[in-house]
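Novice: Sharing a structure below in structure tokens format, with a few things to ask.
The values are calculated or read from the model by the stated rules, or taken from the named source; none is laboratory data. Values in this document were obtained by computation on a predicted structure and should not be read as measured data. Every residue, glycine as well, gets a Cβ built from its backbone with ideal geometry; the counts of neighbours run over all protein chains shown.
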Amino acid sequence: QLQLVESGGDLVQPGGSLRLSCAGSGFRTGYTVQFYSVAWFRQAPGKEREGLSCISTTGGTNYADYVKGLVTISRDNAKNTAYLQMNNLEPEATAVYYCAADLNPRSTICTMQPDYDYWGQGTQVTVSS
């Protein structure tokens, strides 16, 4: 089955930047990376998992209002990888960050609701002086 692995989480000072990666593997024959929409979520201790951004199979994107202008989602299908570039990080961004994927061929839209079929294990982002 599809496996997702996040990487790139780190300790960063306020105002710093990070680029998270989400690598996919185990694609079924005939259902390669371009058939999946991808989303990024984060979850801080004691809080609900919240959607940050998503990218559809056709490249359409959505962003949570509170991260617009601060993050950029992208995908490189040739590398089976999606990315989340985060700039001007603040302490409130401290959380475990997860990527998720759904088989959603030819869709122009994507969702930031946490009902995706496939999830990574998460990567820790800590923003602190």
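Novice: Go through the range 55-81 and give me each residue that's in a strand (DSSP E or B) and surrounded by 14 or more Cβ atoms within 10 Å (Cβ to Cβ).
Specialist: Pass one, the range 55-81, residues in a strand (DSSP E or B): 55, 61-63, 71-76, 81.
If the condition is that a residue be in a strand (DSSP E or B) and surrounded by 14 or more Cβ atoms within 10 Å (Cβ to Cβ), then Ile55, Thr61, Asn62, Tyr63, Val71, Thr72, Ile73, Ser74, Arg75, Thr81 are the ones that fit.
Novice: When the residues of the range 82-111 are filtered to those that are at pLDDT 95 or above, among the aliphatic types (A, V, I, L, M) and in a strand (DSSP E or B), which remaining residue is surrounded by the most Cβ atoms within 10 Å (Cβ to Cβ)?
Specialist: Among them, the one singled out is Ala82.
Novice: Tell me which residues, restricted to the range 10-47, are of a type in the set (Ser, Thr, Tyr), in a strand (DSSP E or B) and more than 10 Å from the chain's Cα centre (by Cα).
Specialist: Those that are of a type in the set (Ser, Thr, Tyr), in a strand (DSSP E or B) and more than 10 Å from the chain's Cα centre (by Cα): Ser25, Tyr36, Ser37.
Novice: Kindly provide the set of residues from the range 28-53 that are more than 19 Å from Gly122 (Cα to Cα) and charged (D, E, K, R), ordered by number.
Specialist: Scanning the range 28-53 gives a single hit, Arg28.
Novice: Is the range 9-29 home to any residue that is loosely packed, with under 15 Cβ neighbours inside 10 Å and within 18 Å of Ile109 (Cα to Cα)?
Specialist: Checked the range 9-29: no residue is loosely packed, with under 15 Cβ neighbours inside 10 Å and within 18 Å of Ile109 (Cα to Cα).
Novice: Here is a further query. Quick one: count up the residues across the range 1-26 that are farther than 15 Å from Thr94 by Cα and of a type outside the set (Gly, Ala, Ser).
Specialist: Number satisfying all stated conditions: 7.
Novice: State yes or no: is Leu52 assigned to a strand (DSSP E or B) and of a type outside the set (Gly, Ala, Ser)? Working first, answer last.
Specialist: Details: assigned to a strand (DSSP E or B): yes; of a type outside the set (Gly, Ala, Ser): yes.
It is true that Leu52 is assigned to a strand (DSSP E or B) and of a type outside the set (Gly, Ala, Ser).
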